[in-house]
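Laboratory data are not the source of any read-out in this text; all were calculated from the coordinates shown. These numbers were taken from a predicted model, which means no experiment stands behind them. Methodologically, a virtual Cβ is constructed for each residue, glycine included, from the backbone with ideal geometry; neighbour enumeration extends over all protein chains shown.
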Amino acid sequence: MNSLEQIDAAQISLLQKEEKLGLCYKELEKYGDGIEPKIKDTIAYLNALGFTTCESCEGHVDHGDLSTYIGMEATEPPKWRFVGQEEVFEGVAKKHGVTVSEIFEYVKPGYDLTLGPKIQPGNVDQIVSAWEDGWGKTPRETETDEFKKWREKTDEMKDKLDLLVQEFYKERTADSDVKLVVETENDPEFPHVYDFFLHNGGEDYGNHCDPDERAKLSEGEMNVLKKRLETRQNEMKDFTEFLKEKYKEYLP
């Protein structure tokens, strides 16, 4: 069974496909340098195929990971994840002399590029304290119905992408530290985030380097890292070509 048979899709004309893809590229333009060039095509085709992306990295040798990755989640995530969270945040906001709106308007850009660069308000210390205090006091036993429905949509999107990745590797092999995987990240330290990532496997993903330590490496050692990164970037590039072929056939 073709993986995209799992997606509610229909055959459309080439012109319609080109128009939608063009709109996806235009939408990415507003992020400027926030969308790095070696990952831009991948994001555009994922968006065109119905996947909602929320963060990405093409990989780097002097900072961050030696791995490419793209984070995704369903659209319009609800503000409140847990039952009782709203009441807690209303209380801590009042305690710290801020509003709930101020808290979320400031913190959200920390992991959502769509809201642009973070602007430091004059009461940033109170806002951050209220955010930390709120999550520290939030009961996490029961999720809201709104969040459950949104999480289900995110999980459905993840399953569809996983089918695509499986199809990509049906007649292709790759080392485990290069092969692309689809993985949900639900870190208890960041309960406000629930998304999934397409990334290269192995220790290079999520292993953020220390730029100062990386600067101490010899030219030969840096060249080894550059080659490792290039291999991972090429794997994502090949997957992008696969997505382009899928897009010629289907469109959600």
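Please give the direction-averaged projected area of the C-alpha convex hull for the stretch 109-252, in square nanometres with one decimal. Before the final figure, lay out each step's value.
Values: hull surface 52.3 nm².
Result: a mean projected hull area of 13.1 nm².
Sort out the exposed loop GluC sites (Glu not before Pro) in the chain (DSSP loop, at most 14 other Cβ within 10 Å) and tell me the longest stretch that has none.
Result for the longest clean stretch: 1-140.
Which one of 72, 176, 147 has its Cα pushed farthest toward the positive end of the charge dipole of the stretch 41-191, where Lys and Arg give +1 and Asp and Glu give -1 at the Cβ?
Checking the options against the dipole of the stretch 41-191, the answer is 147.
Working from Cα positions, state the angle (0 to 90°, nearest 10) between the long axis of helix 85-96 and the longest principal axis of the chain.
With rounding to tens, the tilt is 60 degrees.
Kindly express, to the nearest 10 degrees and within the range 0 to 90, the angle between helix 37-48's C-alpha long axis and the longest C-alpha principal axis of the chain.
80
How much net charge surrounds residue 217 when only other residues with a Cβ under 12 Å from its Cβ are counted (Lys, Arg +1; Asp, Glu -1)?
Spelling it out: positives minus negatives among the neighbours equals -3.
Hey, in the GNM for the chain with a 10 angstrom Cα cutoff, which one of 154, 53, 75 fluctuates hardest?
Answer for the Gaussian network model of the chain: 75.
Quick one: helix 219-249 against the long Cα principal axis of the chain, what's the angle to the nearest 10°, folded into 0 to 90?
80
Relative to the Cα centre, what is the charge dipole magnitude of the chain, using +1 at the beta carbon of each Lys and Arg, -1 at the beta carbon of each Asp and Glu, and rounding to the nearest 20 debye?
Taking the Cα centre of the chain as origin, the dipole is about 480 debye.
When 1/r is averaged over all different Cα pairs and the result inverted, which Kirkwood radius in Å belongs to the chain?
Mean inverse Cα-Cα distance, inverted, gives 20.2 Å.
Mind telling me which of 71, 220, 202 comes out most flexible in a GNM of the chain, alpha-carbon contacts under 10 Å?
Checking each option, the largest mean-square fluctuation is seen for 220.
At 0.36 nm per residue, minus the direct Cα-Cα distance, what do residue 186 and residue 230 gain on full extension? Give it in nm, one decimal, please.
13.0 nm
Could you work out how far the C-alpha centroid of the stretch 18-56 sits from that of the stretch 91-108, in angstrom?
After rounding, the separation between the Cα centres reads 32 Å.
Which ³J(HN,Hα) values in Hz, rounded to whole numbers, follow from the phi angles of the stretch 162-173 under the Karplus curve 6.51 cos²θ - 1.76 cosθ + 1.60, where θ = phi - 60° and Gly and Pro get x?
4, 5, 5, 5, 4, 5, 4, 9, 4, 10, 8, 10
As a test of the formula, what do you get for the chain when each DSSP H run with n ≥ 4 contributes -39,500 (n - 2.57) and the sum is divided by the residue count, at 222 nm and rounded to the nearest 500 deg cm²/dmol?
Details: 8 runs with 121 residues, N = 252.
Computed mean residue ellipticity for the chain: -15500 deg cm²/dmol.
Pick from 217, 163, 28 the residue whose mean-square fluctuation is largest in a GNM of the chain, springs joining Cα atoms under 10 Å.
Largest GNM mean-square fluctuation: 217.
Using modelled amide H (1.01 Å from N, peptide plane; none on Pro or chain starts), what sits under 5 Å from the amide H of residue 56, excluding residues fewer than 5 places away?
Long-range HN contacts for residue 56: 71.
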